[in-house]
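Notes for the one structure printed next.
The values are calculated or read from the model by the stated rules, or taken from the named source; none is laboratory data. Please read all numbers here as calculations on a predicted model, not as lab measurements. No Cβ is skipped: glycine too gets one built from the backbone with ideal geometry, and neighbour counts run over all protein chains shown.
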Amino acid sequence: MAWVRGLAFGTVALLWAVAAQAHFQQIIPSADVSKIGETVTIDLSFTHPMERGPVMEMARPKRFGAVVDGKFRDLSPALRAGKRQGKTIWTAPFPAAEPGAAVFFVEPEPYWEPAEGKFIVHYAKVVVDVDASGKGWDAMVGAPVEIEPLVRPTGLWVGNLFRGIVKRDGQPVPFAEIEVEFVNDGSVTPPNDAFVTQVIKTDAHGVFAYAIPRAGWWGFAALVESEQKMKNPKGEDAPVELGGLMWVKATAFPPAPRR
């Protein structure tokens, strides 16, 4: 299946900025590490993670699957529609039958955002390591914009430095912008809008780093603009935002025992 292609970059820097109403394609498993024989549930939704919504309507994905032991598995038949905040989301069970990492990925249908006058297509992925094997976690899924992890994305402690390379068509992207958001469980109230979406950029080699400050799921969205346009509901050419997303979970370090 052809992937939409394109690119747009900013200037070099590392900064914190406001990215009001940032959209994130979520692909969140019920566990980032599972045991053989367990069933992991994959949850797909299109939303604003830190602000806890609103959830946007999500059409049935174009592609949904996993890379396991270097092989692609089509998991689309397992998708089941559900509702959250009155909007369509999708879930799928995944029986953990063998040790090794499963790299789940989703290619959604383009989402028309009238407020921004553009289409959004976010290619998202997440890793589930079965039996804590430590193998296969850096497998790539072949999206046009994709993050290659330089740190194993499972078994992360709070405070760990997550690093990755943003790639377009397999090549590093220098100075690419990345939006970062926390999946807020209601325990965090941002002091102001600057804390909702944090923004970092890759260096000249396409590498970025982020120190994870809190336990939970974190999304990293590398954003570029497609060279191709799509027709909006009025039949006019409209820009297309492409995102290469990766989700990782951090766990709080247990307190030291009292002596």
Where Ala143 falls short, out of the listed (1) of a type in the set (Gly, Ala, Ser); (2) without any contact (Cβ under 8 Å) to a residue 40 or more places away in the chain; (3) surrounded by 15 or more Cβ atoms within 10 Å (Cβ to Cβ): (2)
Just one listed residue, out of Lys201, Lys249, is under 14 Å from the mean Cα position of the chain (by Cα) and among the basic types (Lys, Arg), and it is Lys249
Quick check on Met50: is it modelled with pLDDT of 95 or more and in a loop (DSSP other than H, G, I, E, B)? yes
Looking at (1) aromatic (Phe, Trp, Tyr); (2) surrounded by fewer than 20 Cβ atoms within 10 Å (Cβ to Cβ); (3) under 15 Å from the mean Cα position of the chain (by Cα), which is the one condition that is false for Phe182? (2)
Residue among Arg84, Arg60 that is surrounded by fewer than 22 Cβ atoms within 10 Å (Cβ to Cβ), modelled with pLDDT of 95 or more, farther than 19 Å from Trp218 by Cα and touching a Ser or Thr at 6+ places or on another chain (Cβ under 7 Å): Arg84
Has segment 211-227 got any residue that is surrounded by 14 or more Cβ atoms within 10 Å (Cβ to Cβ) and either over 24 Å from Phe162 (Cβ atoms) or polar (S, T, N, Q) (or both)? yes
If you check Asp131 against the conditions, is it modelled with pLDDT under 95, surrounded by fewer than 24 Cβ atoms within 10 Å (Cβ to Cβ) and either closer than 30 Å to Pro233 by Cβ or in contact with a strand residue (DSSP E or B) (Cβ under 8 Å, 6 or more places away or on another chain) (or both)? yes
